[in-house]
Amino acid sequence: VLLFARYSGAQYTLIAINTGSADQVVPFRFPVGGDYVEELHGDELSLKHIVPLQETALTIPSHYGRIWTLLGP
């Protein structure tokens with residue numbers, strides 16, 4: 001699993017890629033709290049009420065990925 005992030009001003013995006021043959025659950029601490037929309041599948045996989053620096057378990061499907069972007073104020 002590869003995780004990387006991008007900042008654009010106050011905007012924060014986390015990209016997660018799983019190249020393995022099994023789904024993976026990975027711990028992650030978002031540096032910015034709030035609500036995150038999942039860019040590939042929308043609201044069904046969005047993350048609500050993320051607390052900054054609190055560990056969040058993220059499920060990344062095999063041979064696929066997820067992209068979460070912080071919703072603006």
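Extension gain Ala57-Arg6, at 0.36 nm per residue separation less the Cα-Cα distance, in nm?
Details: separation 51, 0.36 × 51 = 18.36 nm, distance 1.95 nm.
Difference between extended and current length: 16.4 nm.
So which GluC sites (Glu not before Pro) in region 1-59 pass both tests, a DSSP loop state and at most 16 other Cβ atoms within 10 Å of the Cβ? Could you put the intermediate results ahead of the total?
Values: sites: Glu38, Glu39, Glu44, Glu55; in loops: Glu39.
Sparse-neighbourhood loop GluC sites (Glu not before Pro): Glu39.
What is the calculated FRET efficiency for Ser21 to Ser46, with r their C-beta to C-beta distance and R₀ = 30 Å, to the nearest 0.05? List each step's numbers first, then the result.
Working: r = 26 Å, r/R0 = 0.88.
Rounded to the nearest 0.05, the efficiency is 0.70.
Considering only protein heavy atoms and a probe of 1.4 Å, how much of the accessible area of the chain is carbon and sulfur, as a whole percent? Don't skip to the answer; put the middle values down first.
On the way: 2500 of 4450 Å².
Answer for the chain is 56 percent, counting heavy atoms of protein chains only.
Among the listed options (i) 48, 24, 23; (ii) 30, 26, 19; (iii) 37, 22, 21, the one matching Cα extents along the principal axes in Å as calculated from these coordinates is (iii).
The values are calculated or read from the model by the stated rules, or taken from the named source; none is laboratory data. Since the structure is predicted, the reported quantities are computational estimates derived from the model, not experimental observations. Heads up, the Cβs are rebuilt from the backbone with ideal geometry, glycines too, and the neighbour counts pull from every protein chain shown. For the accessible areas, the whole protein counts, side chains as well, though only heavy atoms, and no ligand, DNA or RNA atoms are used. Shrake-Rupley method; radii C 1.70, N 1.55, O 1.52, S 1.80 Å.
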